[in-house]
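Just below is one structure, and these are the notes that go with it.
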Amino acid sequence: MGFCVSATLTEKAPAKINLTLRVLGRRADGYHELESLVAFAGVADTLTLQTDSEIGLRITGPFASKTGSAADNLVLKALTALQRRVPDLKAGRFLLEKNIPVAAGIGGGSTDAAATLRLLARANNIVPDDPLLASTALAVGADVPVCLDPVPRIMRGVGELLSRPLELPVLPALLVNPGVPVVTRDVFGKFSGVQGGSNLANVPREFDALVEWLKHHGNDLTAAASACVPAITEVLAVLSTLRGVKLARMSGSGATCFALFGSRGEAAAAMERLKGEQRDWWVCDTTIGPVMARA
């Protein structure tokens, strides 16, 4: 295995959006079987690896103060997990620009961990589809495998079963977080409506057809998350009244919600309105769909 000669490598770590989320059952080990249509947003953290520096992690950006101890960050956990599997792994100093809210239901930590593995793969000439990366991703966290190659897919199991990439239209969107962190464990503690069977199939490729399809496939965790954080109910109510909105929904276990629009202009206008009315909310206009992970 050869090494990449570049001293500085950068990857985008895009926000993960659960366009749908269904809870299919609870396993003997306590984890829940899920089924979710996952896509990625244009808003992203940025992760840089300096291979000519000693191993470490520096965090900047608007949400740097919310990330907790660097030692507990999933970037370093992903590094440690790959070091266990690859002798003499070349690494270095990571610089994380944290633009995605923390504990927000849009995979901020998981997408950072996945970007870490992509950077280390590039630095060590590990091919992107090496099974070693997928197994390492799952060892780090259930949402990390789907973030490893950030393209639309159906995710099943606890996150380890991934469909082939799906062709989705670009979805103009608004992401809104009320500024309240959500503990996923608490949400599942409130959830009692386990469903049976699997029903995600024939995902449309055209915008209007996809929006209509999404209306029939919701997020099973919305009520439980709203019981934990009532502000989610308020966010969804406000989003549903915005001009041009096609669909409003919570992502993951919350508290971030998204609204889909017919155009970027409508999403941008909605963002300006909300920023004026809800100064404590994080509001971001973006697109959801295929994104390029590399900076």
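Applying the criterion of at least 2 residues that are within 17 Å of Ala15 (Cβ to Cβ) to the helices (runs of 4 or more DSSP H) found wholly in the stretch 126-202 leaves 144-148.
Leu260 falls short of the stated requirement of being assigned to a helix (DSSP H, G or I), in contact with a helix residue (DSSP H, G or I) (Cβ under 8 Å, 6 or more places away or on another chain) and touching a residue at least 12 places away in the same chain (Cβ under 8 Å).
Counting the residues of the stretch 123-148 that are charged (D, E, K, R) and surrounded by fewer than 18 Cβ atoms within 10 Å (Cβ to Cβ) gives 2. Here Ala223 passes the criteria (1) assigned to a helix (DSSP H, G or I); (2) touching a Cys at 6+ places or on another chain (Cβ under 7 Å); (3) among the hydrophobic types (A, V, I, L, M, F, W, C); (4) without any contact (Cβ under 8 Å) to a residue 60 or more places away in the chain except the one numbered (2).
Entry remark, the stretch 1-36: residues being in a loop (DSSP other than H, G, I, E, B), at pLDDT below 85 and closer than 20 Å to Gly193 by Cβ number 4 in total. If we scan the stretch 100-112, do we find a residue that is crowded, with 20+ Cβ neighbours inside 10 Å, in a helix (DSSP H, G or I) and touching a strand residue (DSSP E or B) at 6+ places or on another chain (Cβ under 6 Å)? Within the stretch 100-112, one or more residues are crowded, with 20+ Cβ neighbours inside 10 Å, in a helix (DSSP H, G or I) and touching a strand residue (DSSP E or B) at 6+ places or on another chain (Cβ under 6 Å).
When the stretch 142-194 is limited to residues that are of a type in the set (S, T, N, Q) and more than 25 Å from Val211 (Cβ to Cβ), the one that is farthest from the chain's Cα centre (by Cα) turns out to be Ser192.
Look through Ser65, Ser53, Ser36 and report the one residue that is hydroxyl-bearing (Ser, Thr, Tyr) and in contact with a Lys or Arg (Cβ under 6 Å, 6 or more places away or on another chain).
On the way: Ser65 fails: in contact with a Lys or Arg (Cβ under 6 Å, 6 or more places away or on another chain); Ser36 fails: in contact with a Lys or Arg (Cβ under 6 Å, 6 or more places away or on another chain).
Selected residue: Ser53, the only one of Ser65, Ser53, Ser36 that is hydroxyl-bearing (Ser, Thr, Tyr) and in contact with a Lys or Arg (Cβ under 6 Å, 6 or more places away or on another chain).
Those residues that are over 16 Å from the mean Cα position of the chain (by Cα), among the small types (Gly, Ala, Ser) and either part of a strand (DSSP E or B) or under 25 Å from Val180 (Cβ atoms) (or both), I need them from the stretch 269-293; list them, please. Passing the criteria: Ala270, Gly276.
In the stretch 51-79, which residues are touching a Ser or Thr at 6+ places or on another chain (Cβ under 9 Å) and under 17 Å from Ala139 (Cα atoms)? Correct list: Asn73, Leu74, Val75, Leu76, Lys77, Ala78, Leu79.
Rundown of residues vs (1) at pLDDT 95 or above; (2) crowded, with 19+ Cβ neighbours inside 10 Å, yes/no style:
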| site | (1), (2) |
| --- | --- |
| Lys190 | no, no |
| Leu210 | yes, yes |
| Lys215 | yes, no |
| Ile232 | yes, yes |
| Ala237 | yes, no |
| Cys257 | yes, yes |
| Glu266 | yes, yes |
| Cys284 | yes, yes |
| Ala293 | no, yes |
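One residue stands out in the stretch 65-80 among those that are part of a helix (DSSP H, G or I) and touching a Gly at 6+ places or on another chain (Cβ under 9 Å): the one that is modelled with the lowest pLDDT, namely Ala70. Among the criteria (1) of a type in the set (S, T, N, Q); (2) within 17 Å of the chain's Cα centre (by Cα); (3) outside any strand (DSSP E or B), the one Gln83 does not fulfil is (2).
The values are calculated or read from the model by the stated rules, or taken from the named source; none is laboratory data. Here the structure is a predicted model, which is why all the values come from computation and not from measurement. Positions of Cβ are backbone-derived with ideal geometry, glycine not excepted, and every protein chain shown enters the neighbour counts.
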